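Here's the structure we're looking at; comments come further down.
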Amino acid sequence: MQDMLAFHQRFVTEDACIDYLESLRWPDKPICPRCGKTAYALRSRRIYKCGSCLKQFSIRTGTLFDSSRISLQKWFLALFLLPKYRRDGPSSVQLANRLDITQKSAWFMLKRMGELDLKPQQKVRLSTLSSHTALDELLYQSVMPKLK
Ligand SMILES: [Zn+2]
């Protein structure tokens, strides 16, 4: 349970989750997911706007977390738990109970996480890593834009 404690200290707020994802995806400056140009921050809500095509977006746009109202803290926790289940992953009931969300939301999250398309060997490897290292890998894959 040491791991779980460290998890909650690391991602203590929603902002901490956003900071971390932004540092993974945009180590330099926020990049427009539509045209690839540099964007600037709008004043509120951690939303960015592309100076070129004018698209507004957030760190979630085009990632595993796109179009979801589930908090990033819950998403991170789901990804943190994922490698522990190794082969089949948690059931939607297990995940719903663990994250205190509806089974429908849990089902949606599992479907999305399935889009990470982890190969069986990857799952085995992730389950051998420390929970935090495995989470870092999964988060990195989660923000690489490839969904749509
Ligand atoms: Zn753009």
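Read the figures in this text as sums done on the coordinates, not as results from a lab. As the structure is a prediction and not an experimental result, all values here were calculated from the model. Neighbour counts are summed over all protein chains in view; Cβ atoms, including those assigned to glycine, are modelled from backbone coordinates with ideal geometry.
Annotation: the residues Cys53, Cys17, sorted from fewest to most other C-beta atoms within 10 Å of their own C-beta, follow the order Cys53, Cys17. Helical runs assigned H by DSSP (4 residues or longer) give the chain a calculated mean residue ellipticity at 222 nm of -14500 deg cm²/dmol, each run adding -39500 (n - 2.57) before division by the residue total.
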